[in-house]
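Just so it is clear, none of the values below were taken in a lab; they were calculated from the coordinates. If you're wondering where the values come from, they're calculated on a predicted model, not measured in any experiment. Cβ placement follows ideal geometry from the backbone for every residue including glycine, while neighbour counts extend to all protein chains displayed.
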Amino acid sequence: MEDFLKTLPQHTCSWSKGTVTFYKYQGFWNIQDFLEGEIIAQQSFKAQPNDIFLCSCPKTGTTWLKALAFAIVTREKFNESTSPLLTTMPHECIPFLEKDLKQIEDNHKNSSFPLVATHLSYTSLPESVISSDCKIVYIYRNIKDVINSNHHFIPAALNIPMEDVSFKETFDEFCQGISWYGPYWDHILGYWKASQERPGRILFLKYEDMKKDPKSNVKKLAEFIGYPFSVEEENAGVVDNIIKLCSFDKLRNLEVNKTGMHRPEDFPIENRLYFRKAEDGDWENYFTDEMKRNIDNLVDQKLSGTDLVLK
Ligand code: PAP
């Protein structure tokens, strides 16, 4: 693996207290640890027809989507007072393709749990996922808030003090396509093109739309993944309870998400870092007018011909 990584294009972000190196593999940037998991998954993962993939680029609403999908799929077993989400961070509730292959294989053997999460681009998914009929849910978010969220998350996850990190650098790198699992626009376009080729197979959810109208989006999600809400459930408030349970304020204030640690064994990150502000438009506190113009132009150029709106 080490020898193979040396053959790939690399980009290192350096701060006085640490560095992170991204490797470009099959058109997308990743860090060593997750790239290794990606390659192993590509070589060995066998999708099952009932698998439901939750796909996203980092910082686009993954944690929220995982919580909602988990609550929807497990609602016969648990309610808002007994849900594992009350004591387990959403990322730990759903196995991650690049890291938890063994757990996914066990779930396959027991036919116990259909959800699998990944940050991989569509074209990097294992061949068996692409050729199967399993469902894919893809969440995306306004590019400016994604840049901002990345800017705060990656250094904090690496224990780099924020004073050490320049927003301009994050911005410039992001615009060059260098970000975790980026280029962001290519990540979105891969899923978008696949959804055009095989309509009905990929559900696109937009973070901002979900914030504006959680109910219809949660119902759409449940329907798409094959767990639709009955009229009785809706009347009994099941949808509203799931939305409340998975809300930012509820999850952020749970003890597990305030003090717990995600992947303490091999890639420790404090759970609280996944719950920062969840505000639409926090980017305005960081972008100059010039950055705003540049990113809008870039998005116009990259997404022309699609109906995707990232601004
Ligand atoms: P990940 O890819 O590292 O898992 P992801 O969950 O995709 O991150 O994105 C984190 C963003 O979602 C954070 O946004 P911010 O930096 O702008 O604050 C985080 O606050 C937000 N977030 C986390 N949980 C929720 C939730 N339940 N509802 C809405 N937004 C959320």
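For the stretch 263-307, the Kirkwood hydrodynamic radius comes to 13.8 Å, computed from all pairs of different C-alpha atoms.
Pair-distance distribution of the stretch 77-176: all C-alpha pairs, bin width 5 Å, starting at 0; shares per bin in whole percent are 2, 9, 13, 17, 17, 15, 14, 8, 4, 1. For the pair Ser44 and Leu5, what calculated FRET efficiency results from E = 1/(1 + (r/R0)^6), where r is the Cβ-Cβ distance and R0 = 22 Å, to the nearest 0.05? Approximately 0.70, to the nearest 0.05.
Taking all pairs of different Cα atoms in the stretch 157-225, averaging 1/r and flipping that mean, what Kirkwood radius in angstroms comes out? Please report the intermediate quantities before stating the final value.
Numbers: mean 1/r = 0.0666 Å⁻¹.
When all Cα pairs of the stretch 157-225 are included, the Kirkwood radius is 15.0 Å.
Out of Ile143, Gly177, Pro90, whose Cα points farthest toward the positive end of the dipole of the stretch 10-302 (charges: +1 Lys, Arg; -1 Asp, Glu; placed on Cβ)? Toward the positive end, the furthest listed residue is Pro90. Quarter the surface of the alpha carbon convex hull of the stretch 10-302 and you get the mean projected area, 15.2 square nanometres. When peptides 251-263, 298-310, 174-186 are sorted by average Cβ neighbour count within 10 Å, with the highest value leading, the order is 174-186, 251-263, 298-310.
Along the axis of the charge dipole computed for the stretch 10-302 (Cβ charges of +1 for Lys and Arg, -1 for Asp and Glu, origin at the Cα centre), the listed residues Asn159, Ile295, Gly226 are led at the positive end by Gly226. Close amide H contacts of Tyr25 (hydrogens built in the peptide plane, cut-off under 5 Å, sequence separation of 5 or more or a different chain): Asn30. Among 211-218, 123-130, the peptide with the highest mean count of other Cβ atoms within 10 Å heads the list, and the full ranking is 123-130, 211-218. Working ranking of peptides 77-83, 272-278, 195-201, 49-55 by packing, defined as the average number of other Cβ atoms within 10 Å per residue, highest first, is 49-55, 272-278, 77-83, 195-201. Along the stretch 275-287 the Karplus relation, 6.51 cos²θ - 1.76 cosθ + 1.60 evaluated at θ = phi - 60°, assigns HN-Hα couplings of 10, 8, 10, 6, 9, 7, x, 4, 4, 4, 6, 10, 7 Hz to successive residues, with x for each Gly and Pro.
Simple rule: put +1 on each Lys or Arg Cβ and -1 on each Asp or Glu Cβ in the stretch 1-67, find the dipole, and look at Leu35, Thr60, Pro49; the Cα lying farthest toward the positive end is Thr60. What the Cα atoms of the stretch 190-305 give is an Rg and a Dmax of 18.6, 52 Å.
Rounded to the nearest 20, the size of the Cβ-charge dipole of the chain about its Cα centre is 340 debye, with Lys and Arg at +1 and Asp and Glu at -1. Which percentage, to the nearest 5, of the DSSP beta bridges contained in the chain is antiparallel? Once the DSSP bridges in the chain are tallied, antiparallel ones form about 45 percent.
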